[in-house]
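Derivation of every value follows stated rules applied to the coordinates shown; laboratory data play no part. These numbers were taken from a predicted model, which means no experiment stands behind them. All Cβ positions, even for glycine, are placed from backbone atoms using ideal geometry, and neighbour counts span all protein chains on display.
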Amino acid sequence: MNDVLDKLAARIKAARRLTILTGAGVSAASGVPTFRGQEGLWRQYRAEDLATPEAFARDPRLVWEWYDWRRQLIAGCRPNAAHGVIAAWSKRHGTAVITQNVDDLHLAAGTQGLIRIHGSIWELSCWGRCSQGATPWRDDRVPLDQPRCPHCGQLARPAVVWFGESLRREDVEAATSATACDVFLTVGTSAIVYPAAGLIHEARDHGAFTAEINLEATPASSAVDVAIQGAAEEVLPAVDALL
Ligand code: BJW
Ligand code: ZN
């Protein structure tokens, strides 16, 4: 284990451009449930059943109940040591942080230049897509019951990216450009949701040294140069201590 940590630390130290891609595992130690696995279930539903525009169209109350439950839970969570190390590294010139997480704990930890490719659970937009309500607005009230668009009065939705929806063009461009890096580190993601999972392969194609930190093996493990099995909140401080 020490060998791989030394190897990763040496690569990070020498890198002019470092890119970090994070997923739900980074926030697990803060108490935010991950999506997949037993822990990811809410009532009898899987995230895949609720995080879609079809689910919202069918039953907005049910989907809002899920988001309201998650917002209340996240409101009581604080960044952990993994967020802390990533925030410190983000201040180094040439570092980009791309997150799939909507909890904004990276922002709470002070991460700079964060690219939130799946949006934020603390922002809403107009489900009816009225012209002004298409731009997300912040609403951090908890609890929140069936909120409405302040511009047109139609139902509001969480300003997150659901399955089958396109990511914001600016975010895709920023994330894609960050794959041109020396070191690409993926942390706490199951690496099954695209286009995020594809960024690892793009970075590899650009010649980046690629590394993964995860509690378990993922589809990315066999593609990266170094796969470290461990908890983000333990491994990242250990790597940081070697820099
Ligand atoms: C720890 C740990 C600790 C635990 N330390 N580790 C190409 C191929 C196949 C399919 C597609 C494709 N391109 C597009 C698709 C379709 C689809 C997709 O990817 N489907 C797959 C499931 C196959 N993608 C989309 O629809 C995307 N849109 C798109 O591509 O638009 C263009 C298009 C449209 C239509 C058709 C085709 C193309 C949008 C994806 C949006 C995903 N949205 C969600 C919900 C966000 C809002 C919300 O939060 O409610 O994003 S789904 C959910 O998954 C959420 C997450 O950000 C995302 C990724 O999950 P993540 O972060 O990896 O979490 P987990 O739980 O899966 O994993 C946690 C990991 O942590 C585990 O591995 C643990 O081991 C580990 N861990 N504790 C370290 N302490
Ligand atoms: Zn509206």
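Brief remarks on what is shown
- Checking every one of the chymotrypsin sites (Phe, Trp or Tyr not before Pro) in region 108-202 against DSSP loop status and a limit of 14 other Cβ atoms within 10 Å picks out 163.
- The P(r) of region 1-93 has a tail past 23 Å containing 44 percent of all C-alpha pairs.
- Taken along the Cα-to-beta-carbon direction at a fixed 7 Å, the label points for residue 194 and residue 142 span 3.5 nm.
- For region 81-151 and region 152-221, distance of Cα centres in Å: 15 Å
- Two-site FRET efficiency, residue 46 against residue 174, from Cβ-Cβ distance with R₀ of 45 Å, rounded to 0.05: 0.95
- Exposed-loop-free span, longest in the chain, where GluC sites (Glu not before Pro) count as exposed if DSSP calls them loop and at most 13 other C-beta atoms lie within 10 Å: 1-164
- A DSSP coil position with no more than 13 other Cβ atoms inside 10 Å describes the following trypsin sites (Lys or Arg not before Pro) in region 139-243: 141.
- The orientation-averaged shadow of the Cα convex hull for the chain, equal to a quarter of the hull surface, comes to 12.5 nm².
- If both residues of a DSSP beta bridge must be in the chain, then about 25% of such bridges are antiparallel.
- Structure-based [θ]222 nm, the chain - -39500 (n - 2.57) summed over DSSP H runs of at least 4, per residue, nearest 500: -10000 deg cm²/dmol
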